[in-house]
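Novice: I am attaching a structure below and will ask some questions about it afterwards.
The values are calculated or read from the model by the stated rules, or taken from the named source; none is laboratory data. What you see is a predicted model, and the numbers here were worked out from it, not measured in a lab. Note that we place each Cβ from the backbone using ideal geometry, even for glycine, and neighbour counts take in every protein chain shown.
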Amino acid sequence: MKLNEAIQKSRKIVIKIGSNTLAKTDGTQNTEFMQSFARQCSNLIKQGKQIVLVSSGAQVAGVSTTKEWARKKDVHYRQALCSIGQVELMHQWRKAFAMENLHIGQLLLTKDDFENEHRSLNIRNTLFTLVDEGVVPIINENDSVSFDEIKIGDNDNLSALTAILWSADLLILFTDENGIYTDNPKTNKDAQLIEVVNSIPELRNTIKIGETNAFGTGGIETKIQAAEKTTVYGIPMILANGGVENSLEDLTKDNAKGTLFLAE
Ligand code: GLU
């Protein structure tokens, strides 16, 4: 199956955008990207798709707002940075979606929320209600309250849990690479893009997993974990490059490369 076919077949789509895609190389928020992305989401919604966004970028937005806290590694400072940055992040998303006449709703979640029956039912109902009313929910981890035991830690896994909870048809993870390669394409020019993954255990035997990149927390490992989670529930996952212009639109038109993890 091609990437655009996977999108065409799906009505309920969870899309995750990583910090590296949302921030420019100088660490400031890429508002042009956010505007263009909101427009592309709006076009999909007009075609009858339902969209839930998972957006990273709170910490990097906090760093770019406060500037002088950038070097502090202390956990309380990092949680405080997320609390500052989350406001900045949503401010930009609100502006971007308002240009498309769309409202947004914010949900900040921790692992605990997914494990608790009542909370997860409330999250599910809130998502259904928001989407039914034409609002775009935007989810992030509640970084300023989470500690190790209740932390998901990365938005790749958070997106997978969201896709399962909302009974999505498809999960799209936008990252700063075209997909999964046989080796790190930044250091090995012979690395090959893997376009379709039918078996994740087999994939794990074929590729080398490197370390994480500049702003994000996940790296390839958490993206594979996300695919492991969703495909078990019959939800395919696309990993694609969000850092290029019209990334979402290109995927829907078969103009973009990526890795499609098919449901088992
Ligand atoms: N929740 C974190 C933030 O908004 C990012 C987590 C991730 O990059 O996966 O900064």
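Novice: Restricting to the range 228-237, what's the tally of residues that are farther than 17 Å from L158 by Cβ and part of a strand (DSSP E or B)?
Specialist: Residues flagged as farther than 17 Å from L158 by Cβ and part of a strand (DSSP E or B) within the range 228-237 amount to 0.
Novice: Same structure, new question: Which residue out of I220, I164 is under 16 Å from the mean Cα position of the chain (by Cα), assigned to a helix (DSSP H, G or I), surrounded by fewer than 21 Cβ atoms within 10 Å (Cβ to Cβ) and modelled with pLDDT of 85 or more?
Specialist: Numbers: I220 fails: surrounded by fewer than 21 Cβ atoms within 10 Å (Cβ to Cβ).
Going through I220, I164 in turn, just one is under 16 Å from the mean Cα position of the chain (by Cα), assigned to a helix (DSSP H, G or I), surrounded by fewer than 21 Cβ atoms within 10 Å (Cβ to Cβ) and modelled with pLDDT of 85 or more: I164.
Novice: Sticking with this structure for a sec: Pull out all pairs, ordered by first then second residue, where Cβ-Cβ is under 6 Å, the residues are six or more apart or on different chains, the first lies in the range 68-90 and is in contact (Cβ under 8 Å) with a residue 12 or more places away in the chain, and the second is part of a helix (DSSP H, G or I) and more than 13 Å from the ligand (Cβ to nearest atom).
Specialist: Matching pairs, first to second residue: W69/Y77.
Novice: Of the conditions (1) more than 16 Å from the chain's Cα centre (by Cα); (2) in a helix (DSSP H, G or I); (3) surrounded by 15 or more Cβ atoms within 10 Å (Cβ to Cβ), G27 fails just one. Which one is it?
Specialist: Unmet for G27, out of (1) more than 16 Å from the chain's Cα centre (by Cα); (2) in a helix (DSSP H, G or I); (3) surrounded by 15 or more Cβ atoms within 10 Å (Cβ to Cβ): (2).
Novice: Moving to a separate point now. Just to be sure I understand, how many residues within the range 7-22 are among the small types (G, A, S) and out of contact with any Leu (no Cβ under 6 Å at 6 or more places or on another chain)?
Specialist: Kept after step one, since they are among the small types (G, A, S), are these residues of the range 7-22: 10, 18-19.
Still in the running and out of contact with any Leu (no Cβ under 6 Å at 6 or more places or on another chain): 18-19.
Final tally of qualifying residues: 2.
Novice: Something else about it: Testing N178 on (1) at pLDDT 95 or above; (2) not in a helix (DSSP H, G or I), one condition comes back false. Which one is that?
Specialist: (1)
Novice: All but one of (1) assigned to a helix (DSSP H, G or I); (2) within 16 Å of the ligand (Cβ to nearest atom) hold for L130; which doesn't?
Specialist: The number of the failed condition is (2).
Novice: From the list L158, L193, which one is modelled with pLDDT under 95 and in contact with a strand residue (DSSP E or B) (Cβ under 6 Å, 6 or more places away or on another chain)?
Specialist: Working: L158 fails: modelled with pLDDT under 95.
Of L158, L193, the one residue that is modelled with pLDDT under 95 and in contact with a strand residue (DSSP E or B) (Cβ under 6 Å, 6 or more places away or on another chain) is L193.
Novice: Can you give me the number of residues within the range 241-264 that are closer than 18 Å to L44 by Cα and in contact with a Leu (Cβ under 6 Å, 6 or more places away or on another chain)?
Specialist: Summing the residues that are closer than 18 Å to L44 by Cα and in contact with a Leu (Cβ under 6 Å, 6 or more places away or on another chain) in the range 241-264 gives 1.
Novice: Select, from D156, D143, the only residue that is surrounded by 14 or more Cβ atoms within 10 Å (Cβ to Cβ), in contact with a helix residue (DSSP H, G or I) (Cβ under 6 Å, 6 or more places away or on another chain) and part of a helix (DSSP H, G or I). Before the answer, list the steps.
Specialist: On the way: D143 fails: part of a helix (DSSP H, G or I).
Result: D156 is the single residue among D156, D143 that is surrounded by 14 or more Cβ atoms within 10 Å (Cβ to Cβ), in contact with a helix residue (DSSP H, G or I) (Cβ under 6 Å, 6 or more places away or on another chain) and part of a helix (DSSP H, G or I).
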